[in-house]
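The structure appears below as structure tokens.
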Amino acid sequence: MRFTILGASRFGTATVKKLMEEGHEVVLIDKDNARLETLADDLDCGMINGDGTLPSTLRDAFGDGSDALVSLTNVDDVNILASVVGRSIGYERVIPQIVRPELLSVVDELDLDDTITPHESVASAIVSALTQHSEVETETTLHRQLRIVTQKVPASMAEKKIGDLELPDGTRPIAHLSEETERLADPDITLDEGDKLVLVVETDSAEALNKMFS
């Protein structure tokens, strides 16, 4: 797959590296040419020095086609504008990073259904760890209705099968992790204490899920 990343921030750079590790083609856009030159020694990807909110720059990055534009600059307004312009150019998906909560309503009005809200996701994980768990659990906000969470299997669930768990409504197990294996969450898998389950949960059901595993 081919992706365009706007913003050579730490988050943007880490995303580029991860995509490249998985074999994807990546084009990185940033206005700071010196920053791109510094990164060129470590990142073997396409690089464009330019304003990512301009149609000409995004068309250069789009080339013959790109699966997604991910806007990861440190400025929400730039990320939103770039996503709107990118969508008009033809990107199949546009994903802006949004830090300021007051702009989420604007994102909804523009029908930007895919957003990254890093501060909200991290804050939720910290609060969950402080109030429900002994360790910080992995949690990713897909938008604002769904989350991906990782829960450690307590002793009370040991020897039960995934399909026998009475999970809250709006919850689906998607993966089972043990010391030996990582596999999709088959209902017939028997759990051991300390295993981990990766689940998709609706936001309204997240608290009930945390209580179940606490």
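Is there a residue in the stretch 66-87 that is open to solvent by 60 Å² or more (accessible area, probe 1.4 Å), more than 30 Å from Leu177 (Cβ to Cβ) and at pLDDT below 90? Spell out how you get there, then give the answer.
The first filter runs over the stretch 66-87 and keeps only residues open to solvent by 60 Å² or more (accessible area, probe 1.4 Å), leaving 74-75, 77, 81, 87.
The next check asks that each one be more than 30 Å from Leu177 (Cβ to Cβ); those that pass are 74-75, 77, 81, 87.
Right, trim to at pLDDT below 90 and you get 74.
Within the stretch 66-87, one or more residues are open to solvent by 60 Å² or more (accessible area, probe 1.4 Å), more than 30 Å from Leu177 (Cβ to Cβ) and at pLDDT below 90.
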Test for Thr150: is it closer than 23 Å to Ala8 by Cα and either β-branched (Val, Ile, Thr) or at pLDDT 80 or above (or both): no
Residue in the stretch 20-42 that is modelled with pLDDT under 95, open to solvent by 70 Å² or more (accessible area, probe 1.4 Å) and under 18 Å from the mean Cα position of the chain (by Cα) present: yes
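Where in the stretch 149-214 are there strands (runs of 3 or more DSSP E), lying wholly inside it, with at least 2 residues that are open to solvent by less than 50 Å² (accessible area, probe 1.4 Å)? Steps first, answer last, please.
Details: elements: 171-177, 182-184, 196-202.
Here the list reads 171-177, 196-202.
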Members of the stretch 2-19 that are open to solvent by less than 30 Å² (accessible area, probe 1.4 Å) and of a type outside the set (A, V, I, L, M, F, W, C): Thr4, Gly7, Ser9, Gly12, Thr13
Qualifying positions in the stretch 98-116 - over 18 Å from the mean Cα position of the chain (by Cα) and among the hydroxyl-bearing types (Ser, Thr, Tyr): Ser105
The stretch 19-36: number of residues that are touching a helix residue (DSSP H, G or I) at 6+ places or on another chain (Cβ under 7 Å) and assigned to a helix (DSSP H, G or I): 0
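Matching residues to (1) in contact (Cβ under 8 Å) with a residue 24 or more places away in the chain; (2) in a helix (DSSP H, G or I); (3) not hydrophobic (A, V, I, L, M, F, W, C):
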residue: Lys17; (1), (2), (3): yes, yes, yes
residue: Leu43; (1), (2), (3): yes, no, no
residue: Met47; (1), (2), (3): no, no, no
residue: Asp60; (1), (2), (3): no, yes, yes
residue: Leu69; (1), (2), (3): yes, no, no
residue: Gly86; (1), (2), (3): yes, yes, yes
residue: Leu112; (1), (2), (3): yes, no, no
Failed item, numbered, when Leu130 is tested on (1) modelled with pLDDT under 55; (2) open to solvent by 60 Å² or more (accessible area, probe 1.4 Å); (3) in a loop (DSSP other than H, G, I, E, B): (3)
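The values are calculated or read from the model by the stated rules, or taken from the named source; none is laboratory data. Predicted model, so just to flag it, every value in this text is computed and none were measured. When we count neighbours, we look across all protein chains shown, and the Cβ atoms used for this are built from the backbone with ideal geometry, even at glycine. When the accessible area is computed, the model is the full protein with side chains, heavy atoms only, and any ligands, DNA or RNA have been set aside. Shrake-Rupley method; radii C 1.70, N 1.55, O 1.52, S 1.80 Å.
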